[in-house]
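Scroll down for the structure; my scribbles are underneath it.
Nothing in this text is a laboratory measurement; each read-out follows from the coordinates by a stated rule. Predicted model only: the values in this text are computed from it and were never measured. Every residue, glycine among them, receives a Cβ derived from its backbone with ideal geometry; neighbour counts consider all protein chains shown.
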Ligand SMILES: Nc1ncnc2c1ncn2[C@@H]1O[C@H](COP(=O)(O)OP(=O)(O)OP(=O)(O)O)[C@@H](O)[C@H]1O
């Protein structure tokens, strides 16, 4: 379903061109969890940005269900991403002044009716395992693990086929990291979502179906 072909990313660094992602070929099937690992600066976030249509490759292509993301008109790409991809960040990107419920409700109301999840905000928050008594709590009063659950509930709003997560456990302790990885595993199994996770922690990545290790922008092993 997601296919990257010969993806390269070069950036200008003074007078020189720096290759930060080099000739990546990758496929992610429906219901598969893939972890992208590698040392700091190996190109993990850059690759995730390209796979999720946030960043553009210098050469190569990324297709999702046979649609080449980089052939989609600029004006339609954001909508395409919203309909098909859920994104989860290390720092949760929640609205701190709003409750867990409101952080899911607001984007759900803004989502197109066609692709909007049939589940209510409460059902989505229950699905990710947020305690019932925390649902109306302001997210700034929630723990890191609880905030990440809210951000995963928000990523499910449009019933995406695939969830991209950039270091989703980066700000969490070991136990919470395992809990979040188990949640991703459950979403994959029960909802048949594909999940692509960037993590520098190979131990955390062990729950994935497949681990890709980047080394200076190239796939070292799968
Ligand atoms: N726009 C840019 N201009 C110059 N260099 C860049 C640019 N974007 C990324 N880089 C460099 O490319 C390399 C890969 O960056 P990237 O953030 O993808 O790595 P990463 O593996 O996610 O690192 P980390 O684990 O530390 O977050 C880094 O050395 C980074 O400094």
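For residue 11 and residue 206, a Förster radius of 30 Å and the Cβ-Cβ distance give a FRET efficiency of 0.40, rounded to the nearest 0.05.
On full extension, the segment bounded by residue 55 and residue 73 gains 5.1 nm, given 0.36 nm per residue less the C-alpha separation.
Its residue count N sets the reference 2.2 N^0.38 Å, and the alpha-carbon radius of gyration of the stretch 117-193 equals 1.04 times that reference.
Taking 0.36 nm per residue of separation and subtracting the Cα-Cα distance, full extension of the segment from residue 106 to residue 173 would add 21.2 nm. Beta bridges per DSSP, both residues in the chain: antiparallel share near 55 percent. Residues 149, 132, 113, 5 in ascending order of nearby Cβ atoms (within 10 Å, fewest first): 113, 132, 5, 149.
Taking the C-alpha atoms only, the angle from helix 100-110 to the longest principal axis of the chain is near 70 degrees. Can you give me the angle between helix 174-191 and the longest principal axis of the chain, using Cα atoms only, in degrees from 0 to 90, rounded to the nearest 10? The answer is roughly 90 degrees.
Across all Cα atoms of the chain, the radius of gyration (one decimal) and Dmax (whole number) stand at 17.3, 57 Å.
One decimal place: the segment residue 95-residue 215 gains 39.7 nm when fully extended, by the rule 0.36 nm per residue minus the C-alpha distance.
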